[in-house]
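Read through the structure below, which is laid out as structure tokens, and then see the notes.
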Amino acid sequence: MIHLALFLATLVTTWWVGIAHYQAFLSGLTGQFPDVSWTSGGWYAGAVLGILGAHEFGHYFMCRRYGVDATLPYFIPAPTLAGTFGAVIRIRDGFPTRAALFDIGVAGPIAGFVVLVPLLLLGMSWSTVVKVPENFEGMVLGTPMLFDLAGRLFFDTVPDGYSLNIHPLVFASWFGMLATALNLLPFGQLDGGHLMYALIGRRSVWVSYATVLTAIGLTIYSMSWAVLTVMMLVMMLLFGTRHPTVWNEYDPLDWKRIAVFLFAIVMLVLCFTSAPVEMVFAS
């Protein structure tokens with residue numbers, strides 16, 4: 001019942017935000033927001049919950065495959081621009097082998113990625129190019145490489161003084177890319193931390209330290225990294241650098257999983273942006 005209640009609450013918050021995203025899309029940066037049907041929120045809500053749900057159920061079903069005790073996803077409603085802080089599952093067992101740890105860790109990002117790519121392409125096909133008003137004030141999204149590649153499929157160039165006016169499906173996909181990139185960072189108990197531990201064992205702690213230092217540097221570059229950096233520092237204070245138990249941690253990964261690890265790096269590169277959100281103020 002807790003899982004269902006949180007899902008329904010997150011459906012409400014993302015639907016409400018989705019209506020605003022659809023109004024903003026129709027306004028085309030004019031500042032005049034038209035009235036829309038309440039059903040218009042479904043574009044964003046369905047897409048973002050589908051991406052987050054695929055990610056978490058990827059972990060969940062892989063846990064079931066290996067007999068690892070895990071909860072159903074907890075969706076997290078939030079009064080934010082995304083309408084949610086994401087979703088998590090709680091794994092209550094140790095992992096039998098490094099291969100099991102790897103498969104469970106990588107299943108979520110791959111499942112979410114498989115869902116977000118077609119949504120990104122569909123939303124991009126419905127997006128438009130609009131003129132940016134003089135003295136524009138507002139939020140500018142950092143664009144990951146995958147976002148830019150999708151944009152080039154539908155728009156040859158965006159002239160100076162113009163901007164891409166994204167459909168709510170694209171914003172949901174952008175949020176999914178952000179969540180994928182953050183989860184794949186090789187730190188502690190994030191998905192990327194699991195993959196790194198599965199690959200190199202306890203030496204992965206040094207990679208976690210390097211990731212935190214990198215995040216601090218990125219925060220100096222863009223304050224939109226501050227929340228994640230603080231979160232990682234708090235995780236280090238509360239949990240240290242220890243990793244969930246792997247019962248047999250001496251069997252190395254086979255070449256197929258190493259190939260999947262390389263694909264996970266590709267996903268991270270495609271979804272990463274150094275400045276996720278920046279505010280622009282009129283001069």
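Observations, loosely collected:
- Among the residues of the range 69-127, those identified as among the hydroxyl-bearing types (Ser, Thr, Tyr) and assigned to a loop (DSSP other than H, G, I, E, B) are 71, 80, 127.
- Check on residue 125, surrounded by fewer than 24 Cβ atoms within 10 Å (Cβ to Cβ), in contact (Cβ under 8 Å) with a residue 60 or more places away in the chain and of a type in the set (Ser, Thr, Tyr): no
- Out of 274, 222, one residue alone is touching a residue at least 60 places away in the same chain (Cβ under 8 Å), within 30 Å of residue 80 (Cβ to Cβ) and out of contact with any Leu (no Cβ under 9 Å at 6 or more places or on another chain). It is 222.
- Scanning the range 252-261 for any residue that is surrounded by fewer than 19 Cβ atoms within 10 Å (Cβ to Cβ), without any contact (Cβ under 8 Å) to a residue 12 or more places away in the chain and touching a helix residue (DSSP H, G or I) at 6+ places or on another chain (Cβ under 6 Å) turns up nothing.
- Taking the range 43-76 as the range and being of a type in the set (A, V, I, L, M) and in contact with a Phe, Trp or Tyr (Cβ under 8 Å, 6 or more places away or on another chain) as the test, the residues that pass are 45, 48, 49, 51, 52, 68, 70, 72, 76.
- Options 267, 236: the member that is under 22 Å from the mean Cα position of the chain (by Cα) and either farther than 20 Å from residue 54 by Cβ or surrounded by fewer than 16 Cβ atoms within 10 Å (Cβ to Cβ) (or both): 236
- Per the listing 143, 180, 157, the residue uniquely of a type in the set (Val, Ile, Thr) and under 30 Å from residue 249 (Cα atoms) is 180.
- Only one of the numbered conditions (1) surrounded by fewer than 15 Cβ atoms within 10 Å (Cβ to Cβ); (2) under 13 Å from the mean Cα position of the chain (by Cα) is violated by residue 131, and that is (2).
- Selection count, the range 216-230, where residues are closer than 21 Å to residue 112 by Cβ, of a type in the set (A, V, I, L, M) and surrounded by 14 or more Cβ atoms within 10 Å (Cβ to Cβ): 1
- Being in contact (Cβ under 8 Å) with a residue 40 or more places away in the chain and assigned to a helix (DSSP H, G or I) is a description that applies to residue 52.
- Taken over the range 134-153, the residue count meeting the criterion of being out of contact with any Pro (no Cβ under 6 Å at 6 or more places or on another chain), under 26 Å from residue 32 (Cα atoms) and modelled with pLDDT of 85 or more is 3.
- Qualifying residues in the range 8-39 (those that are among the small types (Gly, Ala, Ser) and in contact (Cβ under 8 Å) with a residue 40 or more places away in the chain) - the one surrounded by the most Cβ atoms within 10 Å (Cβ to Cβ): 18
- Some residue of the range 143-160 being at positive phi and not aliphatic (A, V, I, L, M): no
- Considering residues of the range 134-148 that are closer than 30 Å to residue 264 by Cβ and not in a strand (DSSP E or B) only, the residue farthest from the chain's Cα centre (by Cα): 148
- Hits in the range 72-129 - residues which are in contact with a Cys (Cβ under 8 Å, 6 or more places away or on another chain) and on the phi > 0 side of the Ramachandran plot: none
- Scope the range 128-139; condition of a type outside the set (D, E, K, R) and free of Cβ contacts under 8 Å to residues at least 40 places away in the same chain; matching residues: 129
- Sole exception among (1) more than 24 Å from residue 84 (Cβ to Cβ); (2) modelled with pLDDT of 85 or more for residue 244, by number: (2)
The values are calculated or read from the model by the stated rules, or taken from the named source; none is laboratory data. Just so you know, these numbers come straight off a predicted model, no measurement behind them. Note that each Cβ is placed from the backbone with ideal geometry, even for glycine, and that neighbours are counted across all protein chains shown.
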